[in-house]
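Structure, as structure tokens:
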Amino acid sequence: AAAIDTPVLELRETLMGKYGEDTKLIYELQDQGGELLALRYDLTVPFARYLAMNKITNMKRYHVAKVYRRDNPAMTRGRYREFYQCDFDIAGHFDPMIPDAECLKKVRLGGFCVNDRRILNGVFAVCGVPENKFVPACSTVDKLDKVPWDEVRSEMVGEKGLSPEAADRIGEYVQLHGGLELIERLLQDPKLSQNKLAKEGLGDMKLLFEYLTLFGITGKISFDLSLARGLDYYTGVIFEAVLLQQENEHVEEPVSVGSVAGGGRYDGLVGMFDPKGRKVPCVGVSIGIERIFSILEQRLEASEEKVRTTETQVLVASAQKKLLEERLKLISELWDAGIKAEMLYKKNPKLLNQLQYCEDTGIPLVAIVGEQELKDGVVKLRIVATREEVNVRRESLVEEIRIRTSQC
């Protein structure tokens, strides 16, 4: 994909009306230089605006950058929070579900839940929900991963104005999850099969699962009718990655930080910014880098593994005193060959201290020069992890280091 960057600041009107209930989290900057601005809430809306302004109809892009959310939605002023995010998007007119399948294949973060906004809207329609309440109902269903159905139902009826009968009918659908067999069953559902939107969504979902089967990842994909993704701009397939299970065998308790990635299809968003309303179909996924690091930190802490803090491939060490010149000669040879090497900045460091430095920083190899090695024309190469030592001819050292570090 091509790397692009978009401004941290967007016009306020660009961001408003795209995020559903999350609109209140947009951090506005009132009247800066005569314009009403806001800090970008995500990377998707600015990307759609970029496509429209530059009349781009075909692009695969990625973007790693900060996004900003209001810390306290109740305050018109106040503080905001920063989050690092990575987006991958495919824009253009392509055959159905091929780009969507690629997004799911390329983001290897555990299991994905998938759904389709058209299926969800079809469910609302057959359950008797008025069309003007689809979006509020969708925002409420999106909370099912955090609160039980009884609370979701109560909000639908008490706050969103749905009838108790409609809420009960919705509950029969949105608590279903499965795979291709569930899709087949819903295609035969007497109500959903008569709804045009639901039928289109289920057809595309079936096609998506066929492609995912070819990719060999259906075991990690769950078709979940409770998945709603509360943002307003989604128009078709939606997906979300949640890491629940700790894969490290040394840890008994699972690590859960909720959703770590999410995305979907937003075929109408670019058209909102095009003067002639020309649409560019898009699908993409956003990865929450902050949450990924939270998982990594917890796993490292639990496993008690040492974190490698350097890319250094080898430490040049000496076994006896008065060998600084020989260490400098050897490290110069390694640097000239493109090897990432370092040494301790002492004339006569103790060998034990040099080896301990490698242990602490995660340097995988030690190249040891000593009086006997110099006489024999060899370098003693020590593998830090196993403490194995082998003598390597000096002229072969660079190649041996490359072979050994390629296996780390």
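The values are calculated or read from the model by the stated rules, or taken from the named source; none is laboratory data. Because the structure is a prediction, the values reported are computed rather than measured. As a convention, Cβ positions derive from the backbone with ideal geometry for all residues, glycine included, and neighbour counts pool all protein chains shown. Calculation scope for accessible area: heavy atoms of the full protein, side chains included, ligands and nucleic acids excluded. Shrake-Rupley method; radii C 1.70, N 1.55, O 1.52, S 1.80 Å.
When region 329-349 is examined, which residues are found to be outside any helix (DSSP H, G or I) and either in contact (Cβ under 8 Å) with a residue 40 or more places away in the chain or surrounded by 14 or more Cβ atoms within 10 Å (Cβ to Cβ) (or both)? Result: Ala337, Ile339, Lys340, Ala341, Glu342, Met343, Leu344, Pro349. Of the residues examined, Gly284 is not one that is on the phi > 0 side of the Ramachandran plot, in a strand (DSSP E or B), crowded, with 20+ Cβ neighbours inside 10 Å and not β-branched (Val, Ile, Thr). Among the residues of region 210-229, those identified as assigned to a loop (DSSP other than H, G, I, E, B) and open to solvent by 20 Å² or more (accessible area, probe 1.4 Å) are Gly216, Ile217, Ser226, Arg229.
Could you check, for region 152-160, whether at least one of its residues is assigned by TED's automatic domain parsing to the domain that holds Lys220, open to solvent by less than 40 Å² (accessible area, probe 1.4 Å) and within 30 Å of Arg61 (Cβ to Cβ)? Break it down stepwise before answering.
The initial filter retains those residues of region 152-160 that are assigned by TED's automatic domain parsing to the domain that holds Lys220, namely 152-160.
Imposing the further condition that a residue be open to solvent by less than 40 Å² (accessible area, probe 1.4 Å) reduces the set to 152, 155-156, 160.
Pick out the ones that are also within 30 Å of Arg61 (Cβ to Cβ) and you get none.
Scanning region 152-160 turns up no residue that is assigned by TED's automatic domain parsing to the domain that holds Lys220, open to solvent by less than 40 Å² (accessible area, probe 1.4 Å) and within 30 Å of Arg61 (Cβ to Cβ).
When region 6-27 is filtered for residues that are over 25 Å from the mean Cα position of the chain (by Cα) and in contact (Cβ under 8 Å) with a residue 24 or more places away in the chain, the ones remaining, listed by number, are Leu11, Arg12.
Does at least one position in region 291-299 carry a residue that is touching a Leu at 6+ places or on another chain (Cβ under 8 Å) and polar (S, T, N, Q)? No, region 291-299 contains no residue that is touching a Leu at 6+ places or on another chain (Cβ under 8 Å) and polar (S, T, N, Q).
Each residue in region 289-316 was checked for being modelled with pLDDT of 80 or more, within 30 Å of Arg394 (Cα to Cα) and either in contact with a strand residue (DSSP E or B) (Cβ under 6 Å, 6 or more places away or on another chain) or open to solvent by 100 Å² or more (accessible area, probe 1.4 Å) (or both), and 5 pass.
If a residue must be assigned to a helix (DSSP H, G or I) and either outside the structural domain of Val45 (by TED's automatic domain parsing) or closer than 10 Å to Leu37 by Cα (or both), how many such residues does region 8-24 contain? Write out each step before concluding.
Step one: list which residues in region 8-24 are assigned to a helix (DSSP H, G or I), which gives 12-15, 20-24.
From what's left, either outside the structural domain of Val45 (by TED's automatic domain parsing) or closer than 10 Å to Leu37 by Cα (or both): 12-15.
So the count comes out to 4.
Taking the stated definitions as given, is Asp89 crowded, with 21+ Cβ neighbours inside 10 Å, within 18 Å of the chain's Cα centre (by Cα), in contact (Cβ under 8 Å) with a residue 12 or more places away in the chain and closer than 30 Å to His177 by Cβ?
On the way: crowded, with 21+ Cβ neighbours inside 10 Å: yes; within 18 Å of the chain's Cα centre (by Cα): yes; in contact (Cβ under 8 Å) with a residue 12 or more places away in the chain: yes; closer than 30 Å to His177 by Cβ: yes.
Criteria met by Asp89.
Number of residues in region 93-110 that are open to solvent by 30 Å² or more (accessible area, probe 1.4 Å) and more than 11 Å from Val285 (Cβ to Cβ) equals 6.
Condition check for Val392 on (1) in contact with a Leu (Cβ under 7 Å, 6 or more places away or on another chain); (2) open to solvent by 30 Å² or more (accessible area, probe 1.4 Å): one failure, at (2). Scanning region 263-276 for residues that are open to solvent by less than 40 Å² (accessible area, probe 1.4 Å) and either part of a loop (DSSP other than H, G, I, E, B) or of a type in the set (Phe, Trp, Tyr) (or both) yields a total of 3. Of all the criteria given as (1) open to solvent by less than 40 Å² (accessible area, probe 1.4 Å); (2) under 19 Å from Gln85 (Cβ atoms); (3) not in a strand (DSSP E or B), the one not satisfied by Asp5 is (1). Among the residues of region 377-384, not a single one is assigned to a loop (DSSP other than H, G, I, E, B), crowded, with 18+ Cβ neighbours inside 10 Å, modelled with pLDDT of 95 or more and in contact with a Lys or Arg (Cβ under 8 Å, 6 or more places away or on another chain).
Within the set Arg40, Arg70, the sole residue that is in contact with a helix residue (DSSP H, G or I) (Cβ under 9 Å, 6 or more places away or on another chain), in the same structural domain as Cys282 (by TED's automatic domain parsing) and over 16 Å from Gly288 (Cβ atoms) turns out to be Arg70.
Which members of region 318-328 meet the condition of being part of a loop (DSSP other than H, G, I, E, B) and of a type outside the set (Gly, Ala, Ser)?
Just the residues of region 318-328 that are part of a loop (DSSP other than H, G, I, E, B), to begin with: 319-323.
Gln320, Lys321, Lys322, Leu323, listed by residue number.
Against the list (1) more than 17 Å from Gly288 (Cα to Cα); (2) touching a residue at least 24 places away in the same chain (Cβ under 8 Å); (3) surrounded by fewer than 18 Cβ atoms within 10 Å (Cβ to Cβ); (4) of a type in the set (A, V, I, L, M), the condition Val64 fails is (1).
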